[in-house]
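Reviewing the structure listed below.
The values are calculated or read from the model by the stated rules, or taken from the named source; none is laboratory data. Just so it is clear, the structure is predicted and the values come from calculations on it, not from any experiment. Note: ideal-geometry Cβ built from the backbone for every residue, glycine included; neighbour counts use all protein chains shown. Note: areas computed on protein heavy atoms with side chains; ligands, DNA, RNA excluded. Shrake-Rupley method; radii C 1.70, N 1.55, O 1.52, S 1.80 Å.
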Amino acid sequence: MTVSTPDRRDSGNAETRSSSLDDRNVVLTVTGSIAAYKSCHLVRDLVRAGCRVQVVMTESAAEFVGPLTFAALSGRPVLTGLFSDVPPGSPVHLQPVEWGDVLVTAPATANYIGKLAGGLADDLATTIAQAFDKPILIAPAMNPRMWKNRAVQRNVDLLKERGVNFMGPVEGAMAGMDEQPGVGRMAEPHLIFDRIEELLSDPTWRGKRVVVTSGPTREPFDPVRFIGNRSSGRMGDAVARQARLKGADVILVRGRGAAGAPPESVGLVEVETAREMSAAVKEHFDRCDLLVMTAAVADWTVKKPSRSKLKKRDGAPVLTLERTEDILAWACRNRKKQALIGFALETEKHLEEAKRKLVDKDVDLIALNDPTKADSSFGGDSTRLTLLTRDEKVIELPLLTKHAAARRLLDAVEPYLPKS
Ligand SMILES: Cc1cc2nc3c(=O)[nH]c(=O)nc-3n(C[C@H](O)[C@H](O)[C@H](O)COP(=O)(O)O)c2cc1C
């Protein structure tokens, strides 16, 4: 059975493409588990990131989610039948094998895993998998008792030995109302998405060390209160993740007030104040090739924070502030080979101020963020950056997701990295 809708890519308002996924072909196999509905989100996110997604469904999977849903989300016909989808004279079962850059099976049933381990190919999904010679990622989903079954575990081990990547299952509530919680739940779609991005990335920065700062700092004026700022840390986190996808070893120095979970596979140093952030950067600076100062570091700190909680009845406190250390200026003075990126957030005379910072601080690249632009949201998921380089290039990026902007930023700084 083939269900068609017009080919389209949904990129929302912001351009969401990140170069490791843009223009790549993902074959997504869906098998017969209740978790099949979660893969709808995965398809949507992949398409938004610029991928083409070819969904393949087993007969059982089509009992859980209609192929029409996947066809609408992917903008491509869904393949289900080994024989029914074959146009005359065309070996359709091998087309996704040639076409796909990666094969992802999510959710994967015990039955599918068993067939793959045993070398069986009695439907389109398993036939494609047996012939697929590029990266394969399997996200199993099943009842915890099934997952514990020794035959299932042996099949998983066999496939791992053959180089197949597995993600999950994880512990948690099962999709079925009457199922006991345990290990068997499919990994969350955004984590599967991240893993696909890793499998498709081109690690040209392998061996490079990158230090990224991210999030706000907090300057306490008593043990429970502080002066902070609105930074969410999303931009810094995106820079760290994209540097990691480029293959670099990344240290992320992250303010505790940053929103959400930090990216995986980076060395995380959590800090509170500007002073702590400065100390962490200094500790890792000597060995790094690139420092990206994305964090919104407080310019002032409270001179003498109170040791005890200030009382309302004592009236409004008068706080005396003093300058914090300019970490980027310190890095400029102490650099040997390191490339440096600074961020500028200016509300007036944006370009002039950014150019002044570029020259005064002697950095390789300034990313200018103009919060007065309606669509450049501080704390949101997208941004419109202007990049100014040491060679006086001015690159105006369109409205992009922070991940896509981070990728463009790292591409732009590449000429200034120390040659290894
Ligand atoms: C309501 C329901 C839910 C099911 N959920 C799962 C599941 O999460 N994991 C699994 O391995 N099998 C599950 N099964 C069993 C599979 O659908 C069955 O083994 C089927 O033959 C799998 O076919 P496929 O691997 O070709 O998709 C479920 C069956 C039913 C009726």
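Observations
- 2 or more residues more than 22 Å from A298 (Cβ to Cβ) and within 16 Å of the ligand (Cβ to nearest atom): qualifying strands (runs of 3 or more DSSP E) within region 168-267: 170-172, 182-185
- Search result, residues across region 112-127 that are more than 19 Å from V27 (Cα to Cα) and either among the β-branched types (V, I, T) or near the ligand (Cβ under 8 Å from one of its atoms) (or both): none
- Residue check for V250: in contact with a helix residue (DSSP H, G or I) (Cβ under 7 Å, 6 or more places away or on another chain), open to solvent by less than 20 Å² (accessible area, probe 1.4 Å) and not small (G, A, S): yes
- Counting only residues that are open to solvent by less than 70 Å² (accessible area, probe 1.4 Å) and not hydrophobic (A, V, I, L, M, F, W, C), region 385-410 holds 6 of them.
- Considering the conditions (1) part of a loop (DSSP other than H, G, I, E, B); (2) open to solvent by 40 Å² or more (accessible area, probe 1.4 Å), R313 is excluded by exactly one of them, (1).
- Residue within region 144-166 that is modelled with pLDDT under 95 and surrounded by 20 or more Cβ atoms within 10 Å (Cβ to Cβ) present: no
- Scanning region 324-363 for residues that are closer than 19 Å to A298 by Cα and among the basic types (K, R) turns up K357, K361.
- The one condition in (1) touching a residue at least 60 places away in the same chain (Cβ under 8 Å); (2) surrounded by fewer than 24 Cβ atoms within 10 Å (Cβ to Cβ); (3) of a type outside the set (D, E) that R234 fails to fulfil: (2)
- Any chance L351 is among the hydrophobic types (A, V, I, L, M, F, W, C) and either open to solvent by less than 40 Å² (accessible area, probe 1.4 Å) or modelled with pLDDT of 85 or more (or both): no
- Filter result for L290 (among the aliphatic types (A, V, I, L, M) and either open to solvent by 20 Å² or more (accessible area, probe 1.4 Å) or not assigned by TED's automatic domain parsing to the domain that holds A238 (or both)): no
- Exclusive hit being modelled with pLDDT of 95 or more and under 21 Å from V43 (Cα atoms), set P140, P96: P140
- Residue that is nearest to the ligand (Cβ to nearest atom), among those in region 93-111 that are closer than 19 Å to R24 by Cβ and outside any helix (DSSP H, G or I): T105
- Evaluated against (1) crowded, with 20+ Cβ neighbours inside 10 Å; (2) among the small types (G, A, S); (3) not assigned by TED's automatic domain parsing to the domain that holds L328, G172 falls short on exactly one condition, (1).
- Of all residues in region 393-414, those that are free of Cβ contacts under 8 Å to residues at least 24 places away in the same chain have Cβ atoms under 7 Å from Cβ atoms of residues that are open to solvent by 70 Å² or more (accessible area, probe 1.4 Å) and assigned to a helix (DSSP H, G or I), 6 or more apart or on another chain, in L397/R408.
- Filter result for V183 (in contact with a Pro (Cβ under 6 Å, 6 or more places away or on another chain) and open to solvent by 20 Å² or more (accessible area, probe 1.4 Å)): yes
- Criterion: among the small types (G, A, S), farther than 30 Å from S306 by Cβ and open to solvent by less than 40 Å² (accessible area, probe 1.4 Å) - qualifying residue of S201, S214: S201
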